[in-house]
Amino acid sequence: MKSKLAIMTALAFASAGVQAVDPQAIKTESGFDITPLLSTGLKYDDNITSVSANETDSWIMTVLPSLKASRDDGVTSLEFSAAAYHGNYFSSSSDNFTDTLLGGLFNTQLSEQGKLNVKADMVWGHEDRGTGITEGLNNNLDDPTRFNNQTLSGYYEYGALAAPARVRFGARYFNKEYMNQREVTQFRDYDSTMGGINFYYDTLSGTTAVLETSIVDIGYDFVDPEAPRDSKETNVKAGAEWQISALTSGEFKLGYQKKEFDDSTRDDFSGVAWTVNANWAPLTYSNFNLGTGRKAKDPLQGGDYIKETTYSLSWYHNWSEAVQTQLAYNRLEEDYVGINREDENDSYTASIKYAFRRFVDVSLFTTVTDKTSSVPGIEFDRNIVGVNFDFSL
């Protein structure tokens, strides 16, 4: 699961590029451009622990300062990022949190045919009470679940810029460890190692044919009392990526996933997996995005694995240089294998952003979440409304 901090930080930097805030970097003699950002807001959450009854509501103040240092000489680029995300609950101080992110990116053109990319991230994050690994435990916990994770990934790509064919050799290491609620979390500390080879062939029509292959080894630090969870995954997908014009871009990849557990008492998975994302911009100031995905993943609670299917639809529209709106719908379907459980989660988001100045944005937003489950105590309704301010130099 991605931490909330990672998502918020990504949104903060993304907004600087495609929305109203236009940050000015600080130029240094070392060649690095320093870009500070600050996001702060106030929101009301009517169900902070995601329970089905006896909800607790609260106003929440959030502060997200972030800093990015980047350097690009045309051959090699470096980027370092740091952020801290703090939430203060007015009616439930035990739910307060402070998340932290440190990240780095190195990209270089080794030769006319070779390119190297390395990325590293460290996150000290949290999961709200009643979400993630504590879903359904509701008010039986005193504070949020804390964790840290580390990710190191990279690839070497071979293929001349003018040549249609390219091959990419990639690897990724991920480690996650929970820091509290150990009676619940100790059996979900794990690390995973991935190795893969991707093939690309560019056509003259703005479309790239893609073949993706990977093997993932997943190992848990402690043996689950039900049965060991260590497994190996094999993934193969074929499809296309396209950037035909400013009008449309996206990806379509369909393939096969196989998940084999080391312990024979657990059910293995083999079946169809897919990734689809399509962007359509009928006007320069209006953009639609449609997405869907299917895969098997490890559960945070009971069962052998989850067959997960996702759907998303969003619309961004710039009504003027200063005003932008967003409407979004996301659906998550989870079918647990090994236990009798099926979940469905529907989320609706609406927001309006106003560029008060080049360096100041103000946003009004609301999110409505409706989750149902075949297991009592998992379902909940949650409504959030708030205002957010983004600042840059």
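Points worth noting:
- Residues located in segment 118-138, provided they are open to solvent by 50 Å² or more (accessible area, probe 1.4 Å), farther than 21 Å from N88 by Cβ and touching a strand residue (DSSP E or B) at 6+ places or on another chain (Cβ under 6 Å): V118, K119, M122
Rundown of residues vs (1) aromatic (F, W, Y); (2) touching a His at 6+ places or on another chain (Cβ under 8 Å); (3) surrounded by fewer than 16 Cβ atoms within 10 Å (Cβ to Cβ); (4) within 30 Å of F252 (Cα to Cα), yes/no style:
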residue: A296; (1), (2), (3), (4): no, no, no, yes
residue: R358; (1), (2), (3), (4): no, no, yes, no
residue: D361; (1), (2), (3), (4): no, no, no, no
residue: T369; (1), (2), (3), (4): no, no, no, yes
residue: F380; (1), (2), (3), (4): yes, no, no, no
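- Figure legend. Inter-residue proximity from segment 278-294: first residues over 14 Å from L247 (Cα atoms) and at pLDDT 95 or above, second residues among the aromatic types (F, W, Y) and part of a strand (DSSP E or B), beta-carbon distance below 6 Å, spacing 6+ or different chains. Indicated pairs: T292/Y311; R294/W274.
- Residue match in segment 217-238 (condition: of a type in the set (A, V, I, L, M), under 27 Å from G130 (Cβ atoms) and surrounded by 18 or more Cβ atoms within 10 Å (Cβ to Cβ)): yes
- The residue list Y178, Y190 contains one member that is open to solvent by less than 30 Å² (accessible area, probe 1.4 Å) and within 23 Å of K119 (Cα to Cα), which is Y178.
- Sole exception among (1) in a helix (DSSP H, G or I); (2) in contact with a Pro (Cβ under 9 Å, 6 or more places away or on another chain) for I133, by number: (2)
- Failed item in (1) under 20 Å from T372 (Cβ atoms); (2) over 22 Å from the mean Cα position of the chain (by Cα); (3) surrounded by 14 or more Cβ atoms within 10 Å (Cβ to Cβ), with N318 passing the rest: (1)
- Cross-chain or 6+ apart pairs with Cβ under 6 Å, segment 175-188 first and within 14 Å of G132 (Cα to Cα), then at pLDDT below 95 and in a helix (DSSP H, G or I): Y178/T185; T185/I133; R188/I133
- Residue check, D335 in contact (Cβ under 8 Å) with a residue 12 or more places away in the chain, within 20 Å of V272 (Cβ to Cβ), in contact with a Phe, Trp or Tyr (Cβ under 7 Å, 6 or more places away or on another chain) and of a type in the set (D, E): no
- Residue count, segment 300-343 (criterion: over 24 Å from D263 (Cβ atoms) and either outside any strand (DSSP E or B) or of a type in the set (V, I, T) (or both)): 8
- When residues of segment 202-216 are limited to those that are at pLDDT 95 or above and not β-branched (V, I, T), the one least open to solvent (accessible area, probe 1.4 Å): S214
- Taking segment 139-166 as the range and being over 16 Å from D189 (Cβ atoms) and either open to solvent by less than 30 Å² (accessible area, probe 1.4 Å) or small (G, A, S) (or both) as the test, the residues that pass are L141, P144, S153, G154, E157, G159, A160, A162, A163, A165.
- Y354 vs. criteria more than 22 Å from the chain's Cα centre (by Cα), at pLDDT 95 or above and open to solvent by 40 Å² or more (accessible area, probe 1.4 Å): yes
- Check on E29, on the phi < 0 side of the Ramachandran plot, open to solvent by 40 Å² or more (accessible area, probe 1.4 Å) and at pLDDT 95 or above: no
- Taking (1) under 30 Å from N388 (Cβ atoms); (2) of a type outside the set (A, V, I, L, M); (3) buried (at least 16 other Cβ atoms within 10 Å of the Cβ) in turn, S94 satisfies each apart from (3).
- Residue match in segment 49-64 (condition: among the aliphatic types (A, V, I, L, M) and under 26 Å from K27 (Cα atoms)): yes
- Selection of segment 101-117 for residues being in a strand (DSSP E or B) and either open to solvent by 50 Å² or more (accessible area, probe 1.4 Å) or not β-branched (V, I, T) (or both) yields L101, L102, G103, G104, L105, F106, N107, Q109, G114, K115, L116, N117.
- Meets criteria (among the polar types (S, T, N, Q), buried (at least 17 other Cβ atoms within 10 Å of the Cβ) and at pLDDT 95 or above) for S58: yes
- Test for Y85: is it of a type in the set (F, W, Y), in contact (Cβ under 8 Å) with a residue 60 or more places away in the chain and on the phi < 0 side of the Ramachandran plot: yes
- Every residue from segment 249-274 that is farther than 19 Å from T310 by Cβ and either among the β-branched types (V, I, T) or assigned to a strand (DSSP E or B) (or both): S249, K258, E260, F261, T265, S270
The values are calculated or read from the model by the stated rules, or taken from the named source; none is laboratory data. Treat the numbers as computed from the prediction; the structure is a model and nothing was measured. Here the Cβ is made from the backbone with ideal geometry for all residues, glycine too, and neighbour counts use every protein chain on show. Keep in mind that these areas ignore ligands, DNA and RNA; they rest on the heavy atoms of the full protein, side chains included. Shrake-Rupley method; radii C 1.70, N 1.55, O 1.52, S 1.80 Å.
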